[in-house]
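The structure appears below as structure tokens.
The values are calculated or read from the model by the stated rules, or taken from the named source; none is laboratory data. Predicted model only: the values in this text are computed from it and were never measured. Counting neighbours? That spans all protein chains shown, and the Cβs are built from the backbone with ideal geometry, glycine included. What goes into the accessible areas is simple: the full protein's heavy atoms, side chains included, and nothing from ligands, DNA or RNA. Shrake-Rupley method; radii C 1.70, N 1.55, O 1.52, S 1.80 Å.
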Amino acid sequence: MSLSNQLANHLHQVIFGGNWTASNLKDQLDDVTFTEATKQLAHFNSILALTFHIGYYITAILGVFKGQALNAKDKYSFDHPKLNSQKEWEAFKNELFDEAEQLIALIDKLPEERLNEVFVDEKYGSYQRNIMGLIEHTHYHLGQIAILKKHIRNS
């Protein structure tokens, strides 16, 4: 298995399951209601905000893999759309998972020699650094989502 395949698999596992932490984004979000997703606790980000934030970087990296410019700015990475219903929340999650599947497929097909190439600009490092960063970033915020979900349901 090539390193590209391993990275694609690792991203797949944090989003869709099968990793050794036994926690993944899809399972954590599957039963989260619109009300829970938008509930604001103290000064913490909502589950919706964290989900958008994860998806924001998936979308940005996916765009680069599709030959587009990098159109992401950290200052906008929590500026989620206003959702008004469970139906909109479900569509929002489905779009995130669709884009994640697209990115995973592109990473899986990435020639291994490209992993060390510059990702857009030298200041961003290599493709490998960005893919690994996305995986780490998703794990980090997945933990926050899991804690918020437990807190919301226990309060």
Residues whose placed amide H lies under 5 Å from that of Ser126, excluding near-sequence neighbours
Phe119
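Could you sort the peptides 45-58, 129-142 by per-residue average Cβ neighbour count (10 Å cutoff), highest mean leading?
Most protected by this proxy first, the peptides run 45-58, 129-142.
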Write down the Å³ per residue value for the convex hull defined by the alpha carbon atoms of the chain.
110
Within the stretch 60-122, DSSP-loop GluC sites (Glu not before Pro) with at most 12 other C-beta atoms within 10 Å are Glu117
Output wanted: per-residue J couplings in Hz (rounded whole) for the stretch 81-97, from phi through Karplus 6.51 cos²θ - 1.76 cosθ + 1.60, θ = phi - 60°, x for Gly and Pro.
x, 7, 9, 10, 7, 4, 4, 5, 4, 4, 5, 4, 5, 4, 5, 4, 5
Residue of Ser23, Ser85, Ser77 that the Gaussian network model of the chain assigns the largest fluctuation, springs spanning Cα pairs under 10 Å
Ser85
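Step through the table entries Lys39/Lys66; Lys26/Lys87; Lys73/Lys93; Lys73/Lys149, compare each Cα-Cα distance with 23 Å, and write down the pairs that go over it.
Numbers: Lys39/Lys66 35 Å; Lys26/Lys87 17 Å; Lys73/Lys93 21 Å; Lys73/Lys149 27 Å.
Over 23 Å Cα-Cα: Lys39/Lys66; Lys73/Lys149.
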On full extension of the chain, what length is gained from Trp20 through Arg114, given 0.36 nm per residue of separation minus the C-alpha to C-alpha distance?
31.1 nm
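If you keep only loop residues by DSSP, which trypsin sites (Lys or Arg not before Pro) in the stretch 31-124 have at most 10 other Cβ atoms within 10 Å of their Cβ?
Lys66, Lys73, Lys82
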So what is the accessible area of the stretch 20-155 per residue, in Å², with the probe set to 1.4 Å?
58
Once neighbouring chains are kept in place and the probe is 1.4 Å, which whole percent of the accessible area of the stretch 15-97 is contributed by carbon and sulfur?
54
Expressed as a whole number of Å, what is the distance separating the alpha-carbon centroids of the stretch 27-48 and the stretch 88-117?
23
Let me know the shape class of the stretch 101-155, please: from the alpha-carbon gyration tensor, a ≥ b ≥ c as square roots of the eigenvalues, rounded when a/c is under 1.5, otherwise prolate if a/b is greater than b/c, or oblate.
prolate
For the chain, averaging the sequence separation of alpha carbon pairs under 8 Å that lie six or more residues apart and dividing by its residue count, the contact order in percent is 34
Once His137 and Thr33 are pulled to full extension, the length gained, defined as 0.36 nm per residue separation minus their Cα-Cα distance, is 35.1 nm
Compare Gly125, Gly17, Gly143 in a GNM of the chain, Cα atoms joined below 10 Å, and give the one with the largest fluctuation.
Gly125
